[in-house]
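K.L.:
Dropping a structure here in structure tokens format, bear with me for questions.
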Amino acid sequence: MANEPRLPNGLTPKQFNFYNNIIEQMKKTGQMNPSQAAIDAGFAPKHVSKMASSLLKKPAGQAYLKSLQKNSICSAEATIDWVMERLTRIANLSLQEDGANNYAALQCSLKAISEINKIKGYYAPDKKVNLNMTMDDVQFDRAKELAGKYSREY
């Protein structure tokens with residue numbers, strides 16, 4: 001194995017295949033089986049468990065896996081356009097092709113519309129003011145005037 005050609009990342013082709021097999025297992029099943037990944041990469045089954053364990057600890061392999069993880073995180077970020085497109089699809093579920101209402105999907109549609117409105121800022125934030133004071137009649141009239149001037153209905 002010492003004389004095997006190395007890739008630019010320092011891994012041999014078998015090691016590279018091992019790490020790619022690990023990634024494929026994670027994509028397909030959400031779990032990894034290092035021993036099976038090593039066998040699929042072409043390592044001898046006799047000491048595959050020990051070999052898989054050492055490969056997972058190998059710094060060059062960890063660096064390769066981290067680089068794949070960074071790429072997948074960047075590509076998994078949801079943009080606001082993507083979110084709005086998905087919410088719009090859900091909002092339209094309550095309407096059938098013929099224009100009739102699909103009452104089974106109505107609740108999901110209403111929630112999606114609510115989320116769209118929140119994203120677009122159509123809901124005013126809750127504003128509540130509690131005012132407790134003691135005052136004479138002159139101050140009360142002025143306080144009433146100011147409260148009327150600076151309060152709004154939402």
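The values are calculated or read from the model by the stated rules, or taken from the named source; none is laboratory data. Since this is a predicted model, take the numbers as computed values, not measurements. We place every Cβ from the backbone using ideal geometry, glycine too, and count neighbours over all the protein chains shown.
K.L.:
Taking only pairs six or more apart or across chains, which ones have beta-carbon atoms under 8 Å, a first residue in the stretch 6-23 that is free of Cβ contacts under 8 Å to residues at least 24 places away in the same chain and outside any helix (DSSP H, G or I), and a second residue that is surrounded by 17 or more Cβ atoms within 10 Å (Cβ to Cβ) and of a type outside the set (Val, Ile, Thr)?
P.N.:
Between residues of the stretch 6-23 that are free of Cβ contacts under 8 Å to residues at least 24 places away in the same chain and outside any helix (DSSP H, G or I) and residues that are surrounded by 17 or more Cβ atoms within 10 Å (Cβ to Cβ) and of a type outside the set (Val, Ile, Thr), the close pairs are LEU7/PHE16.
K.L.:
On the given criteria, is ASN3 out of contact with any helix residue (DSSP H, G or I) (no Cβ under 6 Å at 6 or more places or on another chain) and either outside any helix (DSSP H, G or I) or modelled with pLDDT under 90 (or both)?
P.N.:
On the way: out of contact with any helix residue (DSSP H, G or I) (no Cβ under 6 Å at 6 or more places or on another chain): yes; either outside any helix (DSSP H, G or I) or modelled with pLDDT under 90 (or both): yes.
Taking the combined requirement at face value, the residue satisfies it.
K.L.:
Name the pairs: first residue in the stretch 108-137 and modelled with pLDDT under 70, second residue of a type in the set (D, E, K, R) and assigned to a helix (DSSP H, G or I), Cβ to Cβ under 9 Å, at least 6 apart or on different chains?
P.N.:
Pairs found: MET135/ARG142.
K.L.:
Tally the residues that are assigned to a helix (DSSP H, G or I), among the polar types (S, T, N, Q) and surrounded by 14 or more Cβ atoms within 10 Å (Cβ to Cβ), restricting the search to the stretch 24-52. Even if it seems obvious, please write down each step before you answer.
P.N.:
Filtering the stretch 24-52 down to residues assigned to a helix (DSSP H, G or I) leaves 24-29, 34-41, 45-52.
So of that shortlist, the ones also among the polar types (S, T, N, Q) come out as 25, 29, 35-36, 49.
Of the ones still in play, those that are also surrounded by 14 or more Cβ atoms within 10 Å (Cβ to Cβ) are 25, 35-36.
The qualifying residues number 3.
K.L.:
Is there a residue being of a type in the set (Phe, Trp, Tyr), under 24 Å from the mean Cα position of the chain (by Cα), modelled with pLDDT of 75 or more and surrounded by 10 or more Cβ atoms within 10 Å (Cβ to Cβ) anywhere in the stretch 75-94? Even if it seems obvious, please write down each step before you answer.
P.N.:
So the first thing to find is which residues in the stretch 75-94 are of a type in the set (Phe, Trp, Tyr), and the list is 82.
Narrowing the set further to residues that are under 24 Å from the mean Cα position of the chain (by Cα) leaves 82.
Remaining after also requiring modelled with pLDDT of 75 or more: 82.
Applying the additional criterion that residues be surrounded by 10 or more Cβ atoms within 10 Å (Cβ to Cβ) yields 82.
Yes: one or more hits.
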